[in-house]
Amino acid sequence: PRSGSSHSGTRPGRVSGSESAAMAAPCVATGAVTRTATEVGRRTRLPRARGAKTSGRSARSRVIITFAGAGEERDKYNSQAKEDDARQYGVWGVDGIRQRSASFAKMEEDWEQTVSQVWISAGATEVATQRLLILGAKWQKGALGEIYRDPEAVSVMVRSLESLLPGANPAAVFHGCPEAALVCVDRNALSAQLVALRTGVGISRFDLARVVTHSPSLLLMRDAQAQCAESAAALRATFLGTLLGDEGVAAAIEVCPALLEAPAEDVAGAFEGFGDDVGENVADVGGASFRLALDRHSCAGPSGARGGVIGEMTDGDKKEAARETGMRHAVDYAGRVAEPYLRRAKVAREKARPR
């Protein structure tokens, strides 16, 4: 006998109309919650802990609430990070570049717009200009900060550098060595330093603008004439000077300006292997004319013309080919071997210095 019919009046497995309506209500509510999540753009579910049992409606409702909390936490974190950066770096970002936020106009100080125009007029890029403005930020104390905040002072040192050293890049010079402003703000002091550098090297055809742009600390060198003369003499005494004379010396210094700031023993060590690196190549190109000039140079000593062995070769195609080969190797060796050697020597000397 069937016992189910006596209790409900319906067949087993069937649902009455009232029960069907009751079960449909949570589904409608769940659909509303899902549509709300879709409109907000947060339909992704958070992972549920193992063994957790919740009703459909309450679980989905908590998903919406949890995502709202995550958004608030993220906004709070971002806000806190910006505040931390502002406290540590002032109005500048972590990377040292002005942050282009909605409050940029409020953060900008009165002097910045005028100084920016000076740097831009001098050829500085936008990024370089922002980095140079850091040097005058209000948290930069001392004489340097005052110079870089003063539009007139910045204009004077830029104009002085451009007029006394045509071809130099003011933005690169002052960003690479901010202290150079202490010299460049005084036109007479800058002129005296440039004369000392050029006289010390003692080479007429010498791109001093390129050297200073790559190594602006030369503008602060004490006793520059004597220091540069000593370094240039040490470089002439190497096989580089023997082979190419002053032309090769100038080319090496233009590629590796650190040669002028290094002690004579470091300069000699930097080009110790240059003869082995280039000798056979130049001999193959120069042929008998080069070998004859080399023998004559070895017997008579250094040439008074400072033209090197190649300068003493008989004029012709082989002389020009030998010169080009020697110059190419000199430039390559200066950047590939000499510069890293000088960096290592400087680090070793600083480590050996008593503390």
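The values are calculated or read from the model by the stated rules, or taken from the named source; none is laboratory data. Because the structure is a prediction, the values reported are computed rather than measured. All Cβ positions, even for glycine, are placed from backbone atoms using ideal geometry, and neighbour counts span all protein chains on display. SASA here: full protein model, heavy atoms, side chains in, ligands and nucleic acids out. Shrake-Rupley method; radii C 1.70, N 1.55, O 1.52, S 1.80 Å.
Tabulated values for the structure
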| item | result |
| --- | --- |
| Conditions (1) under 23 Å from residue 252 (Cβ atoms); (2) in a helix (DSSP H, G or I); (3) open to solvent by 50 Å² or more (accessible area, probe 1.4 Å): number failed by residue 196 | (3) |
| Yes/no for residue 245 being at positive phi and touching a residue at least 60 places away in the same chain (Cβ under 8 Å) | yes |
| Test: residue in region 232-246 that is surrounded by fewer than 20 Cβ atoms within 10 Å (Cβ to Cβ) and of a type in the set (Asp, Glu) | no |
| Residue list for region 169-215, filter: touching a Lys or Arg at 6+ places or on another chain (Cβ under 8 Å) and modelled with pLDDT of 95 or more | 208 |
| Residues of region 165-185 classified as in a helix (DSSP H, G or I) and within 15 Å of residue 146 (Cβ to Cβ), total | 6 |
| Selected residue (only one of 205, 222, 159, 149 is touching a Phe, Trp or Tyr at 6+ places or on another chain (Cβ under 7 Å) and either within 23 Å of residue 251 (Cα to Cα) or open to solvent by 40 Å² or more (accessible area, probe 1.4 Å) (or both)) | 149 |
| Whichever residue in region 311-338 is crowded, with 18+ Cβ neighbours inside 10 Å and within 24 Å of the chain's Cα centre (by Cα) and, among such residues, is nearest to residue 281 (Cα to Cα) | 333 |
| Counted residues, region 231-264 - those being in a helix (DSSP H, G or I), within 30 Å of the chain's Cα centre (by Cα) and among the acidic types (Asp, Glu) | 1 |
| Test: residue in region 255-265 that is open to solvent by 20 Å² or more (accessible area, probe 1.4 Å), farther than 27 Å from residue 158 by Cβ and of a type in the set (Val, Ile, Thr) | no |
